[in-house]
Amino acid sequence: MEAVRKRKSPPLGKRPWTPEDESYLTEKWGYASVPAIAKKLNRTENAVVVRAQRLGLGAVLMAGGYVTLNQLLATVTGRERGNTYQRKSWVENRGLPVHRKKVNRCSFSVVYLEEFWEWAEHNRSFLDFSKMEPLALGREPAWVTEQRKKDCRACAIQRKDPWTADEDSRLKMLLSQHKYTWAELSEMLYRTTGAIQHRCRDLGIKERPVKADNHGKSAAWTESDFAVLADGIRHGDSYMAIGQALSKSEKAVRSKVYTVYLTESADKVREYMGDGPWGAGAPELKVKQAVHLSATRTEVRKQLSYLAGLLRKRANDLGYDPYWQRFMCQHWDNFGGCSAGCANCDDCTEFRRIRPQYCARCGGTFYERKENRFCGACRTARKKKAQRHWCRVNHS
């Protein structure tokens, strides 16, 4: 009998497509890479692409539950170009989940829509949904519609476009009258108090609005005011809208928020507060923060003065004399001890007084074991000057 000869399988490009193959291709198109689909179906990449085109599946990047990062930024912000700041602010600073999608030899940054809406819910106060067309990204969560209405109302009372020459002239005129508060100027100019403050600084205007009357029963914060503030932050209202509801300025609302939660970011405050009342989950104050807050400054300074007195008493009890010989010796180091190898400073014969140095900036005399061209105060001043120069050059 003749040996039964095995039939050869047709080449990869000649095999017919089965309904199961097309179903798998339709399901995975846009979610899995083309090489992965080709390997699974045992076909060439070109055959997979051609079959997808015949099935009308469209481009790979348009077929999955995601969009590219550039498309997302343009859709939400309403600007086609200039997304460098948003990319850094959204991705690096606030943790927007971004993935890399490879198509043939190109790689793209994509964002899955489910992850974006989850991230957007926690950053709703940071985003501005008034610039985003409804259903621009497909189906939207229920809270987006209400947040878009709030953002539209906030934009109606808070302009965010560049200042014009007429607005600058009106601002100077209103400030020269010395009779309007921050809240009144904000209402007349349709700008936030922060925007007015920055504009005064940019224009070099020395006049400032008059201070509001923060004394009396009408200016005091009540429990109902704190409840309105907490509900407004929890529901994504702007500080301007909350201030209008409380008959207080936006600056007063921001100040109260910062005093309790040490931040003006409504998204962070919402995360701290959760479902609790106002003040719930507030972070503990550090000493430096407590010194600068008016509510705790006096008490903290009093406690620091008590601590300084106790430390001075303890130093006197231990016999630490600031004018002892070792503190004036060039060989002494506060961490390594005596570099000359002496154990008793009173009997030391290697004593060498610290040499005086002269600052090249202010010409003053200072004493330091390490050789420096500038004294400590001038080094700090030069550092601050360099920081201010960097901020001016980089427009920070």
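Which of the residues spanning the range 40-74 are closer than 30 Å to residue 145 by Cα, open to solvent by 40 Å² or more (accessible area, probe 1.4 Å) and at pLDDT 80 or above? Within the range 40-74, just 70 meets the criteria.
Given the criterion more than 30 Å from residue 385 (Cα to Cα), open to solvent by less than 100 Å² (accessible area, probe 1.4 Å), under 50 Å from the mean Cα position of the chain (by Cα) and of a type outside the set (A, V, I, L, M, F, W, C), identify the matching residue among 337, 363.
None of the other options fit; the residue is 337.
What do you reckon, is residue 342 modelled with pLDDT of 90 or more and in a loop (DSSP other than H, G, I, E, B)? The answer is no for residue 342.
Residues that are closer than 30 Å to residue 128 by Cβ and open to solvent by 70 Å² or more (accessible area, probe 1.4 Å) do occur in the range 273-295. Kindly evaluate residue 131 against the criterion of being within 15 Å of residue 237 (Cα to Cα) and surrounded by 16 or more Cβ atoms within 10 Å (Cβ to Cβ). No; evaluated as a whole, the condition is false for this residue. If I filter the range 165-204 down to residues being in a helix (DSSP H, G or I) and among the polar types (S, T, N, Q), which single residue comes out as farthest from residue 238 (Cα to Cα)? Applying the filter and picking the extreme gives 176.
Within the range 126-167, the set of residues being within 30 Å of residue 199 (Cα to Cα) and hydroxyl-bearing (Ser, Thr, Tyr) comprises 130, 164. For the range 97-126, enumerate the residues that are free of Cβ contacts under 8 Å to residues at least 12 places away in the same chain and acidic (Asp, Glu). The answer is 118, and nothing else. The condition of being farther than 27 Å from residue 144 by Cα, touching a helix residue (DSSP H, G or I) at 6+ places or on another chain (Cβ under 6 Å) and open to solvent by 60 Å² or more (accessible area, probe 1.4 Å) holds for only one of 207, 184, 223, 264, that being 207.
Any residue at all in the range 157-164 that's free of Cβ contacts under 8 Å to residues at least 24 places away in the same chain, farther than 13 Å from residue 237 by Cα, under 23 Å from the mean Cα position of the chain (by Cα) and part of a helix (DSSP H, G or I)? There is no residue in the range 157-164 that is free of Cβ contacts under 8 Å to residues at least 24 places away in the same chain, farther than 13 Å from residue 237 by Cα, under 23 Å from the mean Cα position of the chain (by Cα) and part of a helix (DSSP H, G or I). Tallying residues that are modelled with pLDDT under 75, open to solvent by 50 Å² or more (accessible area, probe 1.4 Å), farther than 16 Å from residue 56 by Cβ and not basic (Lys, Arg) within the range 6-35 yields 7.
I'm trying to understand the selection: among the residues of the range 358-375, which are over 18 Å from residue 333 (Cα atoms) and not in a loop (DSSP other than H, G, I, E, B)? Break it down stepwise before answering.
We begin by selecting, within the range 358-375, every residue over 18 Å from residue 333 (Cα atoms); these are 358-365, 373-375.
Listed by number, the residues that qualify are 358, 365.
Which residue, of 369, 388, is more than 40 Å from the chain's Cα centre (by Cα) and of a type in the set (Lys, Arg)?
Values: 388 fails: more than 40 Å from the chain's Cα centre (by Cα).
After applying the criteria, what remains is 369.
Residue count for the range 376-386 under the criterion of being open to solvent by 80 Å² or more (accessible area, probe 1.4 Å) and either more than 24 Å from residue 329 (Cα to Cα) or among the small types (Gly, Ala, Ser) (or both): the result is 4.
The values are calculated or read from the model by the stated rules, or taken from the named source; none is laboratory data. Computed from a predicted structure; not experimentally measured. Positions of Cβ are backbone-derived with ideal geometry, glycine not excepted, and every protein chain shown enters the neighbour counts. Heavy atoms of the whole protein, side chains included, go into the accessibility calculation; ligands, DNA and RNA do not. Shrake-Rupley method; radii C 1.70, N 1.55, O 1.52, S 1.80 Å.
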